[in-house]
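Below is one structure, written out as structure tokens; comments come after it.
The values are calculated or read from the model by the stated rules, or taken from the named source; none is laboratory data. Values in this document were obtained by computation on a predicted structure and should not be read as measured data. When we count neighbours, we look across all protein chains shown, and the Cβ atoms used for this are built from the backbone with ideal geometry, even at glycine.
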Protein chains: 2
Amino acid sequence: MSDPFVVVGADAAGLSAASKFRREAPDSEVIVFEKGRWISYAYCGMPYFIEGRVERMSDLLSLSPSEVDERGIDLRRDHEVVAVDPDAKTVAVETADGDSLDQPYDALLVATGGRATTGPFDVRGIDGAFTLHHMDAAAAIDAYVAEPDAYDPARADVSAVDRERVERNAAMPAPETAAIVGGGYVGVETAEALVGRGLDVHLFQRSAHLLPPFGEAVGERVESALVEAGVTVHTGTPVDALVGDDRIEAVTFGGDGGDGAEDLPVDLAIVGVGIEPNTELLAGTGVGVGPGGAIRTDEYGRTSLPDVYAAGDCATARHTVTGAVAWMPLGLTANRAGRAIGATVAGDPSRVGDIAGTAVVKAFEMEAGRVGLVEDEAAREAGFDPVRETVTAGSRSGYYPGAAPTDVTLVADRDSERLLGGSIVGPDRAAIRIDTLATALDADMTLPEIERLDLAYAPPFSPVWDPVLVAAKVLNGTLDEE
Amino acid sequence: MSDPFVVVGADAAGLSAASKFRREAPDSEVIVFEKGRWISYAYCGMPYFIEGRVERMSDLLSLSPSEVDERGIDLRRDHEVVAVDPDAKTVAVETADGDSLDQPYDALLVATGGRATTGPFDVRGIDGAFTLHHMDAAAAIDAYVAEPDAYDPARADVSAVDRERVERNAAMPAPETAAIVGGGYVGVETAEALVGRGLDVHLFQRSAHLLPPFGEAVGERVESALVEAGVTVHTGTPVDALVGDDRIEAVTFGGDGGDGAEDLPVDLAIVGVGIEPNTELLAGTGVGVGPGGAIRTDEYGRTSLPDVYAAGDCATARHTVTGAVAWMPLGLTANRAGRAIGATVAGDPSRVGDIAGTAVVKAFEMEAGRVGLVEDEAAREAGFDPVRETVTAGSRSGYYPGAAPTDVTLVADRDSERLLGGSIVGPDRAAIRIDTLATALDADMTLPEIERLDLAYAPPFSPVWDPVLVAAKVLNGTLDEE
């Protein structure tokens, strides 16, 4: 290659690609531009930092800048890529110092990630109101939650952190009541975190159930677990507005634009209503886009622009079940696609892999997982005729202490009897069992095939008929009747 | 059908078949002959009863005789089937009262189970020496281990129990030192049970590693877990003899028939060196037999005799990976085959399913699983060219408390890159992860396909790259080099 491999964004996808590229092509150059100071941070770990279960913010960093350097990667922080010229094969870069430069590339990876959407809620300028989609926000929330005289500045022990923002939040009186707007997994995990910090927590979810992508069976049991732990859960309850000028004072809910609105006084509000892909960099290039406005990619992570790849939260991927392009921003997807693109650019064409939307979440002692097409609507949109069953089965032999009810939902296509998706929820090792279904989905297994799987049995770990097998038996019975 | 469906043996396979048959053909007759008084007991639960973790022996019974009766099954205990005439389609039955009768059948299921082998060790007539392969043995061991004045007769609260044997063992002085002969899963589980009862426990294993079918990586970590918990583990150490006339006094080991033998004084010895299938009933009928001398069956559980089926610990099944007949007596195999045969005899032909040898075991806080062809020798015998890697990876994100080293071994065929088998061991939810590999094996997945699986990630449950994916990456790297 004459020009370097250029990567935009130094988190999971970007650094996975650069690292793999250097291992495969140790004599070639790779430059990673990062517009800020943060690199390689674990977004998924932020609730556990706020909870205090993770002691230091630096624990959430996978790689330090010097470790990146040791891999032979030319990392340039405070360098924002502001434009791409796909014909000239150059990117325009602006530095924090006000310099600008044009960088030619042989191949380009756009790994710009995503950002929190806030819906109608503008958290800017209101103290005590936050989104949770960046390390600086996590550090600020952690500082804000602490009593001013009890805050340990060493918690946010990363040089990249916005120190001024942290100190300002640490100085404010500690909150007592929190509203979390949005009952997705960020909302659920943050509710647990704030209960762990001693707050009175209210969780608001617009639709009827928490964790909509996990389906109703999971939503109900997770809601029960949260309520049991002291969280006040408001399902079917849109929040209308955040109230407060300088500092958050209340959330208004239940008004639906008319009468009947109520105010809940709070001194902390966290908005977690979704994320959107950062695609502005390629605006105007004519690049193909897909669901959610994400950059459309093929099985090798290629965009519609020559030699331009995209990966991570800003990019689509192919769905395991439907075969269609889909946008599901998740951690493994980003790492896996980045690694594959790094290999491809180094000369070893590697597929990024399909995504099944496999996700797991913890809510206090409750664990849940989901994969594939869990909701009937999604299955119908993809041209399937979904049939579903939910069963409750023991997690262990009934006589072995710790056996706990585990709900398994399986969804199959009526004619082909193929598995389309499923969920598992329960307090005893339930989440990780979703990998069995993820593997079965990837292999296009039918329900009769799943029923005959030789799954593990031993009293401390599973009953003779694993909950997944029980669910398969019941769903096969339903399929046979029809 | 003119004559009934006759089942020999009232445990997992037999009662699963009879129950399924009655549900599918509620107007047809099924007779289950059981030579003794015990029915439907959980063999796998016996170590946990001895440990005291399970309070009552009755907890280990899945079905009572009256529940069997409610299902419309004609259960006849104390009825031993002593001969089969496959031409006349009758069985000869002798009752405990000395009566005898001939019973015609339309279809016959032989579900006679297995029994403990003792190798050169005759435990009969020696107090304090036991095998662990029947409920009466479990009740006797439990009584023997207790201090005479502390034994609670309600522990063995099942009418079928050999009360006289229990009382005799309860009256003996409690043992202090136990030798377990055989480091398979029965030996490992029993070691944990006896430590739980306060004994000084020695575990003897003839070969170099515990749990041979689980492979070396598992054997080593399980051995460490046992040692850490206070068990003295003697690997590579065959026991030569049990010493004692009326009561066990010692085990002799390390002599290998020559000098250098040592005596370990013990007052309890449990022999767990394997099981063998109960096939005597069909001796002389010319029935086909398979590995281990088990009754050979086809994909519907049919033997070579017309209308005679076999299932459970006395029967073979088809191996998922090799396609050959195999004998692996395990709980799910018995239940699943019984259920399928019940459906088939009722008129709905159902395959019994292949077996992958999926097994999991607990040793104190350590958990392990295995599936498929784990040992190179087994893979080569089946015509494969095995390549293997063992990796150690975290069970959770490194920053999340409770993350623990998890060893995954994967074995693949060099040319086809197909998965042949694997094992997983670690203290944090390791065992149940084997189901991912069991599912991948069943689907004939290759290592590149496994590396691209969309497995679950969330900090409390798995790192971004699940240990299975890490192992697949490493093994793919090895396969690519060659």
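Quick notes
- All told, residue B:203 falls short of being assigned to a helix (DSSP H, G or I), in contact (Cβ under 8 Å) with a residue 24 or more places away in the chain and of a type in the set (A, V, I, L, M, F, W, C).
- Candidate set from the range A:325-341 (those that are in contact with a strand residue (DSSP E or B) (Cβ under 7 Å, 6 or more places away or on another chain) and facing another protein chain (nearest Cβ under 8 Å)); member that is nearest to residue B:460 (Cα to Cα): A:330
- Looking only at the range B:1-50, and only at residues there that are more than 27 Å from residue B:346 (Cα to Cα) and within 11 Å of chain A (Cβ to nearest Cβ), the one that is farthest from the chain's Cα centre (by Cα): B:49
- Looking only at the range A:218-241, and only at residues there that are surrounded by fewer than 16 Cβ atoms within 10 Å (Cβ to Cβ) and in contact with a Phe, Trp or Tyr (Cβ under 8 Å, 6 or more places away or on another chain), the one that is farthest from residue A:191 (Cα to Cα): A:241
- Matching entry among B:438, B:458, B:430 (being more than 7 Å from every other protein chain (Cβ to nearest Cβ), under 27 Å from residue A:460 (Cβ atoms) and either aromatic (Phe, Trp, Tyr) or buried (at least 24 other Cβ atoms within 10 Å of the Cβ) (or both)): B:430
- Checking residue A:53 against (1) within 10 Å of chain B (Cβ to nearest Cβ); (2) under 16 Å from residue A:137 (Cα atoms), the condition it does not meet: (2)
- Index of the failed condition, residue A:369 passing every other in (1) within 28 Å of residue A:16 (Cα to Cα); (2) in contact (Cβ under 8 Å) with a residue 60 or more places away in the chain; (3) not in a strand (DSSP E or B): (3)
- Checking residue A:350 against (1) at the interface with chain B (Cβ under 10 Å from one of its Cβ atoms); (2) within 21 Å of the chain's Cα centre (by Cα), the condition it does not meet: (2)
- Sole residue being at pLDDT below 95, surrounded by 15 or more Cβ atoms within 10 Å (Cβ to Cβ) and in contact with a strand residue (DSSP E or B) (Cβ under 8 Å, 6 or more places away or on another chain), chosen from B:183, B:255, B:187, B:215: B:255
- Criterion: surrounded by fewer than 22 Cβ atoms within 10 Å (Cβ to Cβ) and either at the interface with another protein chain (Cβ under 10 Å from one of its Cβ atoms) or aliphatic (A, V, I, L, M) (or both) - qualifying residue of B:386, B:401: B:401
- Among (1) crowded, with 24+ Cβ neighbours inside 10 Å; (2) closer than 22 Å to residue B:225 by Cα; (3) away from every other protein chain (no Cβ under 13 Å) - the single one residue B:373 does not satisfy: (2)
- Inspection of the range A:43-54 identifies at least one residue that is surrounded by fewer than 21 Cβ atoms within 10 Å (Cβ to Cβ), under 30 Å from residue A:186 (Cβ atoms) and among the basic types (Lys, Arg).
- Failed criterion for residue B:424 (all others in (1) assigned to a strand (DSSP E or B); (2) more than 23 Å from the chain's Cα centre (by Cα); (3) more than 28 Å from residue A:301 (Cα to Cα) hold): (2)
- Test: residue A:101 is of a type in the set (A, V, I, L, M) and not in a loop (DSSP other than H, G, I, E, B): yes
- Taken as a whole, the condition of being within 24 Å of residue B:323 (Cα to Cα), in contact (Cβ under 8 Å) with a residue 12 or more places away in the chain, surrounded by fewer than 23 Cβ atoms within 10 Å (Cβ to Cβ) and within 13 Å of another protein chain (Cβ to nearest Cβ) applies to residue B:446.
- Considering the range A:5-35, and only residues there that are among the small types (Gly, Ala, Ser) and crowded, with 24+ Cβ neighbours inside 10 Å, the residue that is farthest from residue A:104 (Cα to Cα) turns out to be A:12.
- Pick from the range B:226-252, criterion in contact with a Pro (Cβ under 8 Å, 6 or more places away or on another chain) and aliphatic (A, V, I, L, M), ranking: modelled with the highest pLDDT: B:250
- Helices (runs of 4 or more DSSP H) enclosed by the range A:1-98 - at least 3 residues per element that are over 23 Å from residue A:329 (Cβ atoms): A:12-24, A:65-70
- Which listed residue, of B:344, B:322, is surrounded by fewer than 24 Cβ atoms within 10 Å (Cβ to Cβ), part of a helix (DSSP H, G or I) and away from every other protein chain (no Cβ under 12 Å): B:344
- Residue B:313 falls short on exactly one of the conditions (1) surrounded by fewer than 23 Cβ atoms within 10 Å (Cβ to Cβ); (2) more than 12 Å from every other protein chain (Cβ to nearest Cβ), and that condition is (1).
- When the range A:289-309 is limited to residues that are part of a loop (DSSP other than H, G, I, E, B) and touching a residue at least 40 places away in the same chain (Cβ under 8 Å), the one that is surrounded by the most Cβ atoms within 10 Å (Cβ to Cβ) turns out to be A:301.
- Residue match in the range B:444-453 (condition: closer than 20 Å to residue A:437 by Cα and under 27 Å from the mean Cα position of the chain (by Cα)): yes
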